[in-house]
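Chemist: Sharing a structure with you now.
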């Protein structure tokens, strides 16, 4: 298994992982009605087919892990990172999301039981806030966040991915994530 930080570009991306949620439950929570097979797109060509304004999300559901992953087609959009989406996805479970918009603008959110419990914007250089930010803050500190002097060449997007990978045990198969994955369109009414 590979690390998310080895698969995703640090330029911009949005990845959300939800623990123990079967794919059909994920689709139901996002009000996706499937008629037939879902279209599949690769990481490197989804925008080409769906457009930059797409609210498309690619679904990676490996059989051998407890996590299901959502990768935004256009990482600049942050669809799967939006609070209403995270609240829906985390009902009865937990979700963790990392959204890197531009260099030094990375957002990390943790949701549990339908509530966003921790949120951190690395742009603010402050620890995560929320009703239960301790676990996320510990993970972020462990990889070098919130220090007086950031190490030379510190990449906050990569570091945020490393923090959640380590803390939550997230791993993916690079070939599968880069290859064709079922793709859905999240309704803007959920935001």
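Taken together, the values in this text are just the output of simple stated rules run on the coordinates, not laboratory data. Computed from a prediction, not measured in an experiment: that's the story for all the values here. Note that each Cβ is placed from the backbone with ideal geometry, even for glycine, and that neighbours are counted across all protein chains shown.
Chemist: Is the C-alpha gyration tensor of segment 80-134 telling us rounded, prolate or oblate? Criteria: a/c under 1.5 is rounded; beyond that, a/b larger than b/c is prolate, otherwise oblate.
Modeler: Note, shape of segment 80-134 comes out oblate.
Chemist: Hey, rough spin-label estimate for residue 141 and residue 45, points 7 angstrom out along Cα→Cβ, what's it come to in nanometres?
Modeler: 4.7
Chemist: Right, here's the next one. Counting only helical runs of four or more DSSP H residues, what would the 222 nm mean residue ellipticity of the chain come to if each run contributes -39,500 (n - 2.57) and the total is spread over all its residues?
Modeler: -6500 deg cm²/dmol
Chemist: As a footprinting exposure proxy, order 100, 131, 54 by other Cβ within 10 Å, with the fewest listed first.
Modeler: The order, fewest Cβ neighbours first, is 131, 54, 100.
Chemist: Taking the number of other C-beta atoms within 10 Å as the exposure measure, put 188, 121, 97, 5 in order starting with the fewest.
Modeler: Fewest-to-most ranking of 188, 121, 97, 5: 188, 121, 5, 97.
Chemist: Arranged by the count of other C-beta atoms within 10 angstrom, fewest first, what order do 109, 178 take?
Modeler: With the fewest neighbours first, 109, 178 line up as 178, 109.
Chemist: Turning to a different aspect of this structure: Rounded to the nearest Å, what's the spacing between the alpha carbon centres of segment 71-125 and segment 1-49? Just the number, please.
Modeler: So the separation of the two Cα centres works out to 14 Å.
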